[in-house]
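Structure first, commentary second.
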Amino acid sequence: MTICLYGSPISTFARKVAIGLDLKGLPYDLVDALTPDRREELRKLNPRLEVPVLTDGDLLIVNSSDILQYLDWRYPDKPLYPEKIEARVVARAFERLADQRFDPIVVDCSYWSWADRDDKPPPGLLEAGQRDIDTVFDRLEQMLGARPQPWPFQTPGVVECAWFANLAALRTFGLAIDPERFPAVMNWFKAMRSHPVFAADARRTGAFLKDLKHLTHERKRLFWSGDRLEWMLSRGFERWFMAEIDAGRATFAPG
């Protein structure tokens, strides 16, 4: 059977899955499913038009966490999740912190770096993003400090898959890790950057984004979904968001 990952270099969750496949050494075909010519194909796989989607023969799996769990079930060699149940519970907490708390902030602050826009971020957005990221890093620093170094679960796995893409993008989006305040986070990130799988992901993404003019992906309208929208609204930027809707620059996932 051939594994096929429908993803995109501009999707942090698709990169999460691609890194997991690479860590496990599994061969796969990678399809950029966010280009206009793939839209209807993606709709058939996932009516919400979201990536990642993974097919393995006749089996179809949607959602990055479900995909990584499936890969460990089907292909147990080089596991992404720790062996002991107690450690798996902690690893899932790391993963949720990245997916549910960290990713929305970074995504909402990223639009002015890759989208086709002629404005600037609304006043105070990046400052609010940095404050909330620092709050997330406070929690992450505590969690990392209680685990082995540099890999909290002995080897890179699901936790690193979940965190790397957004950590690597922070500086590009005007955000940062304070190395004095968060030394464990910084050392962990440095270990990932020096690992061949994560370094390859960074090179692949960097090459793809080097010339934004060649992209056929949707870059004018912002695609709002789930927690990504909630973070910006929770920080008082609802007027800016309503203006985006009025200007036809926001689109929502189908139900």
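The values are calculated or read from the model by the stated rules, or taken from the named source; none is laboratory data. The shown structure was predicted, so the numbers you read here are calculated from the model rather than taken from an experiment. Quick reminder, even Gly has a Cβ in these numbers, built from the backbone with ideal geometry, and neighbours come from all protein chains shown.
Can you tell me which residue within segment 12-28, out of those that are among the small types (Gly, Ala, Ser) and surrounded by 22 or more Cβ atoms within 10 Å (Cβ to Cβ), is farthest from His195 (Cα to Cα)?
Once the filter is applied, the top-ranked residue is Ala14.
Run Arg88 past the list (1) farther than 29 Å from Leu126 by Cα; (2) in contact (Cβ under 8 Å) with a residue 40 or more places away in the chain and report the number of the one that doesn't hold.
(2)
Filter segment 29-54 for residues that are within 19 Å of Ala207 (Cβ to Cβ) and not hydrophobic (A, V, I, L, M, F, W, C); which is surrounded by the fewest Cβ atoms within 10 Å (Cβ to Cβ)?
Asp29
Sort out which residues of segment 118-155 are closer than 27 Å to Pro9 by Cβ and without any contact (Cβ under 8 Å) to a residue 12 or more places away in the chain, and write them in order of number.
Asp118, Asp119, Lys120, Thr155, listed by residue number.
Out of all the residues in segment 1-16, which are closer than 22 Å to Asp58 by Cα and over 8 Å from the mean Cα position of the chain (by Cα)?
Selection gives Met1, Thr2, Ile3, Cys4, Leu5, Tyr6, Gly7, Ser8.
What is the number of the single condition among (1) surrounded by 21 or more Cβ atoms within 10 Å (Cβ to Cβ); (2) not assigned by TED's automatic domain parsing to the domain that holds Val197 that Phe94 does not meet?
So Phe94 meets the others, but not (2).
Against the conditions (1) under 16 Å from Glu160 (Cα atoms); (2) free of Cβ contacts under 8 Å to residues at least 60 places away in the same chain, where does Ile3 fall short? Just the number, please.
(1)
Would you confirm whether any residue within segment 70-88 is crowded, with 22+ Cβ neighbours inside 10 Å and either at pLDDT 95 or above or of a type in the set (D, E, K, R) (or both)?
Yes, segment 70-88 has at least one match.
Could you tell me how many of the residues in segment 192-213 are at pLDDT below 70 and exposed (fewer than 12 other Cβ atoms within 10 Å of the Cβ)?
Total satisfying the criteria: 1.
For Met242, state whether it is closer than 23 Å to Glu50 by Cβ, among the aliphatic types (A, V, I, L, M), modelled with pLDDT of 70 or more and in a helix (DSSP H, G or I).
In short, no.
Would you be able to say whether some residue in segment 119-129 is closer than 20 Å to Ala243 by Cβ, acidic (Asp, Glu), modelled with pLDDT under 95 and in a helix (DSSP H, G or I)?
no
Just wondering, is there one or more residues in segment 174-191 that are aromatic (Phe, Trp, Tyr), in contact with a strand residue (DSSP E or B) (Cβ under 8 Å, 6 or more places away or on another chain) and not in a loop (DSSP other than H, G, I, E, B)?
Within segment 174-191, none of the residues are aromatic (Phe, Trp, Tyr), in contact with a strand residue (DSSP E or B) (Cβ under 8 Å, 6 or more places away or on another chain) and not in a loop (DSSP other than H, G, I, E, B).
Inspect segment 130-152 for any residue being of a type in the set (Ser, Thr, Tyr) and either in contact with a helix residue (DSSP H, G or I) (Cβ under 6 Å, 6 or more places away or on another chain) or over 19 Å from Phe237 (Cβ atoms) (or both) and give the result as yes or no.
No, every residue in segment 130-152 fails to be of a type in the set (Ser, Thr, Tyr) and either in contact with a helix residue (DSSP H, G or I) (Cβ under 6 Å, 6 or more places away or on another chain) or over 19 Å from Phe237 (Cβ atoms) (or both).
Inside segment 25-109, counting only helices (runs of 4 or more DSSP H) that do not spill past its ends, which hold 2 or more residues that are farther than 26 Å from Thr155 by Cα and of a type outside the set (Lys, Arg)?
39-45
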